[in-house]
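So the structure is just underneath, and the comments pick up after that.
The values are calculated or read from the model by the stated rules, or taken from the named source; none is laboratory data. Just so we're clear, the structure is a prediction, and the values are computed from it rather than from any experiment. Cβ: placed from backbone, ideal geometry, glycine included. Neighbour counts: every protein chain shown.
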Amino acid sequence: MTVVVNDHGFAPQDDLAIAADLPPGFDPKEITADLLKRRSIRITLHGFSDGRGFTLAARLRQNGYRGHLRLAGYVLADQYAMARRSGFDDVEISHELAARQPEPQWLARANWHSHDYQSRLRSAAGSS
C-alpha cells in the first residue's frame, strides 16, 4: 500500500489508473508522441539522491505533456517543492515512509510557489 501526497497533504483513497510507468533512467530522447498522449505517467525513484526523475518530468512538460504526472518511490518531504516545480502533480510514498515523515512535514513544503528564488527576485524587483 502507498500514500499519495499532494498540496493538501496525504490524500484519501487514490484511484488514479497509471497509463505508463517509467524508470528514472528513461532516456528523454525516447519521449514519443504516443507517450505524450497518455492520461497519466508515474516515474519511480529508487533512491532520494537520484535526480533523473525530476529532469525527466521537466522534459515531459517541456515537450507538451498535459496529463497527470506522479513521482513515486523513495522521495523525501524536503524534495516535494522540487517535485512540484519539475512538473509532478503529486507524490506516492510507502506507508513506512509516511510514518517516518508525517503529513505536517509535507505540508510545510506545500506552498512551493513562494519558496523559489524567482519569486524572491520578482518581489525584490517590485520593491525597487
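Tabulated results
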item: Flag if SER49 is free of Cβ contacts under 8 Å to residues at least 12 places away in the same chain and of a type in the set (Gly, Ala, Ser); result: yes
item: Tally of residues being buried (at least 17 other Cβ atoms within 10 Å of the Cβ), hydrophobic (A, V, I, L, M, F, W, C) and over 17 Å from HIS46 (Cα atoms) across segment 86-108; result: 1
item: Segment 79-91, subset outside any strand (DSSP E or B), closer than 16 Å to GLY9 by Cβ and among the aliphatic types (A, V, I, L, M), residue nearest to the chain's Cα centre (by Cα); result: ALA83
item: Residue within segment 25-45 that is part of a loop (DSSP other than H, G, I, E, B) and within 14 Å of the chain's Cα centre (by Cα) present; result: no
item: Counted residues, segment 46-66 - those being in a loop (DSSP other than H, G, I, E, B), farther than 20 Å from VAL5 by Cβ and not basic (Lys, Arg); result: 3
item: Residue list for segment 24-36, filter: touching a residue at least 12 places away in the same chain (Cβ under 8 Å), out of contact with any Gly (no Cβ under 7 Å at 6 or more places or on another chain) and either loosely packed, with under 13 Cβ neighbours inside 10 Å or of a type in the set (A, V, I, L, M) (or both); result: GLY25, ILE31, LEU35
item: Segment 6-41, residues that are closer than 16 Å to LEU71 by Cβ, acidic (Asp, Glu) and modelled with pLDDT of 95 or more; result: ASP21
item: Filtered residue count, segment 52-75, keeping only those that are surrounded by fewer than 17 Cβ atoms within 10 Å (Cβ to Cβ) and either closer than 22 Å to ASN111 by Cβ or under 10 Å from the mean Cα position of the chain (by Cα) (or both); result: 2
item: Matching residues in segment 37-49 - criterion: being closer than 21 Å to ALA77 by Cβ and surrounded by 15 or more Cβ atoms within 10 Å (Cβ to Cβ); result: ARG42, ILE43, THR44, LEU45
item: Qualifying residue in segment 3-19 (condition: outside any loop (DSSP other than H, G, I, E, B) and among the charged types (D, E, K, R)); result: no
item: Residue match in segment 67-78 (condition: in a loop (DSSP other than H, G, I, E, B), touching a Phe, Trp or Tyr at 6+ places or on another chain (Cβ under 6 Å) and over 30 Å from LYS29 (Cβ atoms)); result: no
